[in-house]
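Please treat every number below as a calculation from the coordinates, not as lab data. Note that the structure is a prediction, hence the values are computed from the model and not measured. Positions of Cβ are backbone-derived with ideal geometry, glycine not excepted, and every protein chain shown enters the neighbour counts.
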Amino acid sequence: MNRTISLVTDGFPDQPGLDTAVSRTLLRQASDGEVGETFRIRIPSRVVAFGKRDRLESGYARAIDAAAVRGFGSIERLAGGRAAVFHEGTLAFGWTMQSDYPPAGIKERFAAVDDLLNRVFTRLGLDDVRIGEVPGEYCPGEYSINIGGKYKIMGVGQRLAKHAAHVGGVIVVRDAAAVRDVLIPVYGHLGLSWDPATTGALEDFLPGVATDDVRAGIVAELATIADVAASTLAP
């Protein structure tokens, strides 16, 4: 294949702010031509990632406090809209790719991520995997992935640089309850309405599925579209 994707699995669960900084750096480096196409996937720490609009809400500080009481740190999202949850039962991913004019390919990049993950989930044995917003879901988005139009299992956002784009998100593999339990007070303080019952996890439909299973599935699917080269973050 003529296409190569660098696969990075380095993570910093004890320094969640550094994880976001790394993603931002990869985006800048790709835009400047210092690195090529990169797919980063990792198991994150317990953190609520707030969007820029969340910071403008009068209850933002109280939302951070509510997350902390429940054992979750707080960071600002690189890509995406409203607050989302990461924990050890989720997979965080970021696909960074170069583009001469990134605004022209926003929908296509979202579609590429959805197509890739749809294939992964289906091959793992999930039925009725759908693309689109579930009414009442947290951090609503038209490129979310859900099961049966009822339970959101993946959320995604996109950030652009001058000559590159970063498509990043979170897959809830297990423990959807942890997502619900922290977002109920957080969204309450932010003044956001949502339906906690729309939050799901892969294990709800595939008992026993592990984050390693999903990660391996993603790597296998990437290998069908490009040469995958294991890489590590430069010191």
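Can you pull the three principal axis extents for the Cα set of the chain, in Å, largest first?
Computed over the Cα atoms, the extents are 48, 37, 33 Å.
Could you sort the peptides 95-102, 47-54 by per-residue average Cβ neighbour count (10 Å cutoff), highest mean leading?
47-54, 95-102
Distance from the Cα centre of region 118-152 to that of region 1-73, in angstrom?
Taking the Cα centre of region 1-73 as reference, the centre of region 118-152 is 22 Å away.
Hey, rough spin-label estimate for Glu34 and Ala210, points 7 angstrom out along Cα→Cβ, what's it come to in nanometres?
3.6 nm
For a protection proxy built on the mean count of beta-carbon atoms within 10 angstrom, sort 5-15, 30-40, 167-177 highest first, please.
Output ranking for 5-15, 30-40, 167-177: 167-177, 30-40, 5-15.
Quick one: Kirkwood hydrodynamic radius for region 55-162, alpha-carbon pairs, angstrom, one decimal?
It works out to 15.7 Å.
Provide the per-residue ³J(HN,Hα) series for region 10-26, in order, calculated from phi with Karplus coefficients 6.51, -1.76, 1.60 and θ = phi - 60°, each as a whole number of Hz, with x at glycine and proline positions.
5, x, 9, x, 8, 9, x, x, 5, 4, 5, 5, 5, 4, 5, 5, 4
Please quote Rg/Rh for region 73-121 to two decimal places, taking the Kirkwood radius as Rh and restricting both calculations to Cα atoms.
1.00
Using Cβ counts within 10 Å as a stand-in for footprinting exposure, how do His163, His87 rank, fewest first?
Least to most surrounded, the residues fall as His163, His87.
Determine one quarter of the surface area of the Cα convex hull of region 170-235, which equals its mean projected area, and express it in nm² to one decimal.
7.4 nm²
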